[in-house]
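Note sheet for the following structure.
The values are calculated or read from the model by the stated rules, or taken from the named source; none is laboratory data. This one's a predicted model, so the numbers in the text were calculated from it and none came from an experiment. For neighbour counting, all protein chains shown are included, and Cβ atoms are generated from backbone atoms with ideal geometry for every residue, glycine included.
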Amino acid sequence: MIRIGIAGCGNIASTLASVMVKLPQTMKLEAVASRDRARAEEFASRFGVEKAYGSYDELYADDEVDLVYVATPHSHHHDVMIAALEHGKHVLCEKAFCVNAKEAEEVFALAKEKNCFVSEAIWTRYMPSRKMINDIIASGRIGKVTTVSANLGYKIMHKPRISDPRLAGGALLDIGIYPLNFAFMVKEGVGVESMSGTCVKSETGVDVRNMIQISFADSSQAVLFSDAETVTDRMGVIYGTEGRIDVVNVNNPEEIRIYSGDRNPVLLETIPVKEEINGYEYELESVCRCIEEGRLEDEHMSHSETLRVLRYMDALRELWGIRLASELE
């Protein structure tokens, strides 16, 4: 059994905690930490956690914690992971893993030195829907994939973690990462020949919305966008020479629809996607399994893939003139 300590008490921490307590055979929610002890104590009371700490240092020092789940703002991910690893803790960190690839490289180097597991918690990478989609593509039902489109948008610009560049805000790192990962999962193993994009910036200097175009080495393409002040349809569409796949909600696939390649496409099959709990159980169970087996990374989201996504986001932000968190110093 893997004993977990949570760093941060926000909404995503609550969502993950609600799953952790339902998997007692695999994991135990051992402790929770916040810079506000009262907040940690309220969180612990809500989920029946025995230990509530008013600092992250207390969490790192707890010998009964095997894995630290990092649920702080993006701007703090690097420092929290480094400190946890220095104390010999395994790490599961929310997306975006770090502000930039340089920070992630430092984390992975230390994890290797300390012989600790570390992985990025982008849940769509671990979900069964990923294999379902890839199996349909591999079957040849839609022919050769030529184009991928995906979008994600929510009205979240009012949140400080999105609007504040010091907290590594903006649409790209928080929600644009999902369409990017969707495209890379569809085109798994295929290199990128070129990438370009544009964005609209807020008064604070973060991206409110963005549009990204990718050309892959196999002549296929992707068109992606994310928006932090508008609710979009969240659709992912995979176009092939013999048909297409519609994925309802790229952030949490709910349904997969397969269409014919006719001029007036015919719906051939609808495949519902159902979670056992709420969808986060897959990443938690996979990570615990990796740690128990002595592995230092998870094949669902390898270190190299985390770095690849971050490097492309770095390049886009460089193009847009956007600096965040530690980059502002």
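For the reader, a short list of remarks on this structure follows.
- Filtered by the rule that a residue be out of contact with any helix residue (DSSP H, G or I) (no Cβ under 8 Å at 6 or more places or on another chain) and under 27 Å from Glu293 (Cα atoms), region 63-78 gives Asp63, Glu64.
- Residues located in region 177-211, provided they are within 20 Å of Ile133 (Cβ to Cβ), surrounded by 17 or more Cβ atoms within 10 Å (Cβ to Cβ) and in contact with a strand residue (DSSP E or B) (Cβ under 9 Å, 6 or more places away or on another chain): Ile177, Tyr178, Pro179, Leu180, Asn181, Phe182, Ala183, Phe184, Val186, Lys187
- If the condition is being within 15 Å of Val250 (Cβ to Cβ) and in contact with a Gly (Cβ under 9 Å, 6 or more places away or on another chain), then region 179-209 contributes Pro179, Phe182, Ala183, Val186.
- Of residues in region 1-34 being free of Cβ contacts under 8 Å to residues at least 40 places away in the same chain and among the small types (Gly, Ala, Ser), the one farthest from Glu292 (Cα to Cα): Ser34
- Criterion violated by Glu255 - all others in (1) farther than 22 Å from Met211 by Cβ; (2) crowded, with 16+ Cβ neighbours inside 10 Å; (3) acidic (Asp, Glu) satisfied: (2)
- Single match in Arg244, Arg295 (criterion: touching a Ser or Thr at 6+ places or on another chain (Cβ under 9 Å) and among the basic types (Lys, Arg)): Arg244
- Checked against (1) closer than 28 Å to Ser196 by Cα; (2) within 15 Å of the chain's Cα centre (by Cα), Thr146 passes all but a single condition, namely (2).
- So Val247, is it at pLDDT 95 or above and surrounded by 20 or more Cβ atoms within 10 Å (Cβ to Cβ): yes
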